[in-house]
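Participant: Take this structure, written in C-alpha cells, and hold onto it; I'll ask about it next.
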Amino acid sequence: MRILIGSMALVGLAACQTTVPDSGAGVGFKNYNQYQTEKAARDAALAGQAIPPATAISGESSASSAEALAAEAEAALLRTQANSGAAQVQTNANAPVPQTVSGAAGISSENDFNAVGAQRSIESDAALIAANKQQYKVVEPTALPQRSGSGGPNIVAYALNTSNAPGTQVYSRPGLNKQARFQKNCSKYPSSDKAQEEFLSRGGPQNDRLGLDPDGDGFACSWDPRPFRKVNG
C-alpha cells in the first residue's frame, strides 16, 4: 500500500514539470537566420546603403551577400573620396617620362670651388675691384655752418674760456642784501643757462647789474661750466 501511494506521488510531480522547447538557436544566440539578416542590415547601414528587407538568408547565399556588401562598401568609399573637394589627378598616357638628373653640382656653382676657379681668376677679381673703386665718390669735408640767431653771448665758448671752479671769487661784488636780490632775480629765469646768457649780455662777468652773481665767480644763478669743460677735455 505504501509503495502504491509513493508511485502515484512521483507520477503527479512529473506531470507538473514544464517542457522547454528546443528552438535550435543555441545558448546565447537567436535564430541563426535572423542573426544573418540583422548583420547584413548593420553592414549595409555602415556602408551608407539601404537596409535590405528582413528575409531569411540561406547558408549558400550568405557568402555571396557578404561579397556584394563589401563591393558596395568599397564603391561608397570611392564616391566619398570623389566628393571630398580634392581635384582629381588627370593622367595623360602620351605624357613624356620624367628624366632623372644625375651628377648635379648643386643649386649654385659658387658652392663648387673648382667651378668658380674655372670661371674666375685672381686677375679678373682684381679688375672687378678696380672697376668698383672707379665708381666711388669721395666727399670732401666742408666748413661748419655758421650759427643763426641773434648772435648773443655763447655760454659754451665762455665756459671753455674760464678755469676757476664755481664759488671761487674772481670779480668784486660790492653792495648790500646781495643774497636776497640774488634769490629774487634768479627766480625769474626758467633755467640757469638763460640766466647766464642774460648775465653776459648785461655786462658780465665784470659787472653784475642784475645781482645774479653775488659771490663774484662769473657764473650767474649757480650756473656750472664744468659739464662743457668735461666734454671739450
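The values are calculated or read from the model by the stated rules, or taken from the named source; none is laboratory data. None of the values given here were measured: they were computed from a predicted structure. Don't worry about glycine lacking a Cβ; one is built from the backbone with ideal geometry, like all the others, and counts go over all protein chains shown. Side chains included, ligands, DNA and RNA excluded: accessible areas come from the protein's heavy atoms. Shrake-Rupley method; radii C 1.70, N 1.55, O 1.52, S 1.80 Å.
Participant: Which residue is most open to solvent (accessible area, probe 1.4 Å), if the candidates are limited to the stretch 133-143 and must be over 23 Å from PHE228 (Cβ atoms) and in a loop (DSSP other than H, G, I, E, B)?
Facilitator: Of everything passing the filter in the stretch 133-143, LYS137 is most open to solvent (accessible area, probe 1.4 Å).
Participant: Of all residues in the stretch 19-50 being hydroxyl-bearing (Ser, Thr, Tyr) and in a helix (DSSP H, G or I), which is modelled with the lowest pLDDT?
Facilitator: Going through the qualifying residues, I end up with TYR32.
Participant: Failed condition for ALA71, given (1) outside any helix (DSSP H, G or I); (2) of a type in the set (Gly, Ala, Ser); (3) modelled with pLDDT of 60 or more, with all others met?
Facilitator: Here ALA71 meets the rest and fails (1).
Participant: Can you give me the number of residues within the stretch 171-194 that are under 15 Å from GLY216 (Cβ atoms), in contact (Cβ under 8 Å) with a residue 24 or more places away in the chain and surrounded by fewer than 18 Cβ atoms within 10 Å (Cβ to Cβ)?
Facilitator: Summing the residues that are under 15 Å from GLY216 (Cβ atoms), in contact (Cβ under 8 Å) with a residue 24 or more places away in the chain and surrounded by fewer than 18 Cβ atoms within 10 Å (Cβ to Cβ) in the stretch 171-194 gives 7.
Participant: Now a separate question. Of all residues in the stretch 144-162 being open to solvent by less than 90 Å² (accessible area, probe 1.4 Å) and assigned to a loop (DSSP other than H, G, I, E, B), which is modelled with the lowest pLDDT?
Facilitator: Filtering the stretch 144-162 for residues open to solvent by less than 90 Å² (accessible area, probe 1.4 Å) gives 149, 151-160, 162.
Then drop every residue that is not assigned to a loop (DSSP other than H, G, I, E, B), which leaves 149, 151-154, 162.
Details: GLY149: 60, GLY151: 69, GLY152: 80, PRO153: 89, ASN154: 92, THR162: 93.
Filtering the stretch 144-162 for residues that are open to solvent by less than 90 Å² (accessible area, probe 1.4 Å) and assigned to a loop (DSSP other than H, G, I, E, B), the one modelled with the lowest pLDDT comes out as GLY149.
Participant: Among the residues of the stretch 195-233, how many are under 18 Å from LEU176 (Cα atoms), open to solvent by 30 Å² or more (accessible area, probe 1.4 Å) and among the aliphatic types (A, V, I, L, M)?
Facilitator: Total meeting the criteria: 1.
Participant: Does the stretch 115-129 contain at least one residue that is closer than 20 Å to PRO227 by Cα, in a loop (DSSP other than H, G, I, E, B) and among the charged types (D, E, K, R)?
Facilitator: For the stretch 115-129, residues closer than 20 Å to PRO227 by Cα, in a loop (DSSP other than H, G, I, E, B) and among the charged types (D, E, K, R): absent.
Participant: Output the residue which, of all residues in the stretch 163-202 that are among the aliphatic types (A, V, I, L, M) and part of a loop (DSSP other than H, G, I, E, B), is farthest from PRO227 (Cα to Cα).
Facilitator: Going through the qualifying residues, I end up with LEU176.
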